[in-house]
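**Student:** Shown below is the structure under consideration.
The values are calculated or read from the model by the stated rules, or taken from the named source; none is laboratory data. Everything quoted here is computed from the prediction, not taken from an experiment. FYI the Cβ positions are ideal-geometry reconstructions off the backbone, even for glycines, and counts take in every protein chain you see. In case anyone asks, the SASA skips ligands and DNA or RNA and just uses the protein heavy atoms, side chains included. Shrake-Rupley method; radii C 1.70, N 1.55, O 1.52, S 1.80 Å.
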Amino acid sequence: MNNIKITIATKKDKEQLLIWFKHYKINQFIEKRVDCFLEHNSTIVAKDRNKIIGVLQWYVKENPNEGVAEIEEVFVSEKYRGQGIASLLITFAIKTIWEYFIKFNFKPRKVFVFVGKENIPAIKVYEKYGFKFVCSVGNLFHDEEELFYTLNL
């Protein structure tokens, strides 16, 4: 853990990020997604030296004046799971989201996330940081039931 750094991704990270999002299987979509999140400084990475070992992406929902953001795409490399990397990414994201809204004189209000019902480790991390279960939204993205959680800022 001594070499792990949490930071906002830069264009230097693009090639590694393209590999992280290959699960989308649509190459032109992957590159546009990575470019968009990089442009808006809303990709957070965990690095072991210069290698990305975890990624979290977030974005502002709808009108920024509402102060609402969504955390999306939280991944930690399998080799690094269980070491607190997701916790570091989430705490950094919450701080970054807060600062984003304050910078533009908007009141930070909520962060929300969808998480698979079977993803118990992720649920525990979100609940640890104050996210509250709101409801089940059924099979929103995949065959797995998704749960909706929010955090009041």
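**Student:** For the chain, what is the accessible area per residue in Å² when the probe is 1.4 Å?
**Tutor:** Spelled out: the 1.4 Å probe surface of the chain, per residue, equals 60 Å².
**Student:** Roll a 1.4 angstrom probe over the protein heavy atoms and tell me the percent of accessible area of the chain that is carbon or sulfur.
**Tutor:** C and S fraction of accessible area: 53 percent.
**Student:** Relative contact order for the chain using alpha-carbon pairs under 8 Å, separation at least 6, rounded to a whole percent?
**Tutor:** Value for the chain: 18 percent.
**Student:** How do Trp98, Trp20 stack up against each other in accessible area, from largest to smallest, with a 1.4 angstrom probe?
**Tutor:** Result, largest first: Trp98, Trp20.
**Student:** To the nearest Å, what is the center-to-center distance of segment 81-153 and segment 1-70, using C-alpha atoms only?
**Tutor:** Answer, in whole Å: 16.
**Student:** Under 25 Å between alpha carbons: how many lysine pairs meet that in segment 70-131, if sequence neighbours fewer than 8 apart on the same chain are excluded?
**Tutor:** Value for segment 70-131: 12.
**Student:** Counting trypsin sites (Lys or Arg not before Pro) as exposed when in a DSSP loop with at most 15 other beta carbons within 10 Å, what is the longest stretch of the chain free of them?
**Tutor:** Longest run free of exposed loop sites: 118-153.
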